Amino acid sequence: MNNISISPGKNNVGAYVNDLDLNDLKENQTSLIKDILNKYGVVFIKKQNLDSKTYQNFAQSLGQLVEYPRLKGLENYPFINVLERKPTDKSIAFGGSFLHQDTSYLDKDRPRYTMLMGIEIPDNQGNTIFSSGFNSYKKLPEEIKRKIKNAKGVFSSAGPISKTRRELEARSGIKSARVMEAEHSIVHEVNGQKSLYISPGHLMKIKISEKEDKEIKKYLIDHVNKDEFIFSYKWDKGDIVVWDNLSIMHKASEVKNCTRVMHRITIK
Ligand SMILES: [Fe+2]
């Protein structure tokens, strides 16, 4: 039976997938979820509360799991990374402050999808903020679309967001790895829909004329941060959110004096 329905997120960013029980996932539902991801970029599946095995199996049904080079995995589930925020943490949250696309500084093997499950969710804070590259691309002036049509961006692990990662690595005793850098087109196409791929947290420059690089880089970063493209997602415990890094940018919001635990898996 396939009674799942979808409803759009705020500002048409992503889609809630309703009436879906991932504890009892049917084979054809995986391809449905992939279709929804292709069209909307991010899916929100409420209150699933999966055990680690079922969670990892669901991730595996979407593609090949990727070990994240920067974080340690769970003991029996090395592909599940724990993101933990403690009440004593004063620094900005991992991945916070800058919209980004995960690991955009990798060349070929960068994970396409990122999945989170809410394990411990604080009251009234800890939202994840999403910005749709589909929607923001559509609203670009034609002149800008023309200018960036074939432009490449240079993305670096030492970009503006690296500050939050270095703090996390220091805490978990992982030594900061070498700087990684990659070039990608800043306009991607997903199933016929164009999307902005500018990962503001990693973007170092856009390879067009020097004067235009700074101007257009600032223009695009301001553009994807506009309220009209943003959905600040409020978590419940057990929620599962999956996004396509080709079409969705995200960042953590500020959290204070609370515990927040998420389980993260990345998928190729
Ligand atoms: Fe991230």
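The values are calculated or read from the model by the stated rules, or taken from the named source; none is laboratory data. These numbers come from a predicted model, not from an experiment. A quick note on method: Cβ atoms are made from the backbone with ideal geometry, for glycine too, and the neighbour counts reach across all protein chains shown.
Tell me, which strands (runs of 3 or more DSSP E) lie completely within the range 196-268 with 1 or more residues that are polar (S, T, N, Q) and within 14 Å of the ligand (Cβ to nearest atom)? Steps first, please.
Numbers: elements: 203-206, 230-233, 240-244, 248-252, 260-267.
Here the list reads 260-267.
This table checks each residue for (1) surrounded by 21 or more Cβ atoms within 10 Å (Cβ to Cβ); (2) over 21 Å from Asn127 (Cβ atoms).
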site	(1), (2)
Lys10	no, no
Gly14	yes, no
Glu27	no, yes
Leu32	no, yes
Asn38	no, yes
Gly41	yes, no
Phe44	yes, no
Lys47	no, no
Lys53	no, yes
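Here is a check on your reading of the model: is Phe130 within 12 Å of the ligand (Cβ to nearest atom), part of a loop (DSSP other than H, G, I, E, B), within 20 Å of Gly14 (Cα to Cα) and under 16 Å from the mean Cα position of the chain (by Cα)?
No; evaluated as a whole, the condition is false for this residue.
Answer yes or no as to whether Tyr16 is of a type in the set (Phe, Trp, Tyr), more than 28 Å from Leu203 (Cβ to Cβ) and touching a helix residue (DSSP H, G or I) at 6+ places or on another chain (Cβ under 6 Å).
No.
Can you report the number of residues in the range 142-159 which are assigned to a loop (DSSP other than H, G, I, E, B) and aliphatic (A, V, I, L, M)?
Residues flagged as assigned to a loop (DSSP other than H, G, I, E, B) and aliphatic (A, V, I, L, M) within the range 142-159 amount to 2.
Can you tell me which of Phe58, Phe44, Phe98, Phe79 is closer than 30 Å to Glu254 by Cα, at pLDDT 90 or above and part of a strand (DSSP E or B)?
Phe44
Scan the range 140-161 for residues that are of a type in the set (Lys, Arg), more than 16 Å from His184 (Cβ to Cβ) and surrounded by fewer than 17 Cβ atoms within 10 Å (Cβ to Cβ) and jot them down.
Lys145, Arg146
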